[in-house]
Amino acid sequence: MKEKKNHLSALITLVTVFFFWGFIAASNGVFIPFCKDYFNLSQFQSQLIDSAFYGAYYFGALFLFLYSSKNNNDLINKWGYKTSIIYGLVISVIGSALMIPSVNLGSFNLILISLFIIAIGFCLQQTAANPFTISLGPPETGSHR
C-alpha cells in the first residue's frame, strides 16, 4: 500500500511566499516616487529602480542557464527545490540588509545594487518554487496547484 503524504503545509508556505514576492515587486511602484524625491532623480534615473529589480530576473535566469549548460548539471536539481528556495531567501536577506546602509549613506547606487541582489534571490526562489509546487502532489494535477 502506497503511503499518501500531506503536503498542505508546504503548499501554504509557498502561497504565502508568492504573496510576499508580489507585494515587494508591487512596492517598487511606491518606492520609485520616494527615491525620486529623496535623491532628486530624473525620470530616467528613477526608472533604474525597476530596471535593476527586473533586470536581475533576466541575469539570474541567464546565469542559471549558462551554469547548467556549461556543467551539464542543473544547479536547482543539484541543490534540490527546498534548498534552492532557502538559498534564494538568504540572498534576498543579504540584499535587504544591504538596503539599510544604502539608505543611511544616502547612496542611490547602493540602493540599486541592493534591489538587484534582492531580485537575484527572488529569481532563484521562483525558479525553484514552481516545479516544487508541482511536485507536491500527483503529477496529473500539478498544473492546478
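Here are the numbers for this structure:
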item	result
Condition check for N73: exposed (fewer than 12 other Cβ atoms within 10 Å of the Cβ) and not in a helix (DSSP H, G or I)	yes
First in segment 100-120 and without any contact (Cβ under 8 Å) to a residue 12 or more places away in the chain, second anywhere and in a helix (DSSP H, G or I) and surrounded by 15 or more Cβ atoms within 10 Å (Cβ to Cβ), Cβ under 8 Å, 6 or more apart	P101/L110; V103/I111
Segment 36-60 residues that are under 12 Å from L112 (Cα atoms), paired with ones that are at pLDDT 95 or above and in a loop (DSSP other than H, G, I, E, B) (beta carbon under 9 Å, 6 or more apart)	none
Residue ID - modelled with the lowest pLDDT, chosen from residues in segment 114-145 that are more than 18 Å from S9 (Cα to Cα) and surrounded by fewer than 17 Cβ atoms within 10 Å (Cβ to Cβ)	S143
Lone qualifier among Y67, Y81, Y57, Y38 - being within 15 Å of the chain's Cα centre (by Cα) and either surrounded by fewer than 16 Cβ atoms within 10 Å (Cβ to Cβ) or more than 19 Å from A10 (Cβ to Cβ) (or both)	Y57
Selected residue [modelled with pLDDT of 90 or more, under 18 Å from the mean Cα position of the chain (by Cα) and of a type in the set (A, V, I, L, M)] from L98, L11	L98
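The values are calculated or read from the model by the stated rules, or taken from the named source; none is laboratory data. Note that the structure is predicted; figures quoted are calculated from it, not measured. Reconstructed Cβ throughout: ideal geometry from the backbone, glycine too, with neighbour counts over all protein chains shown.
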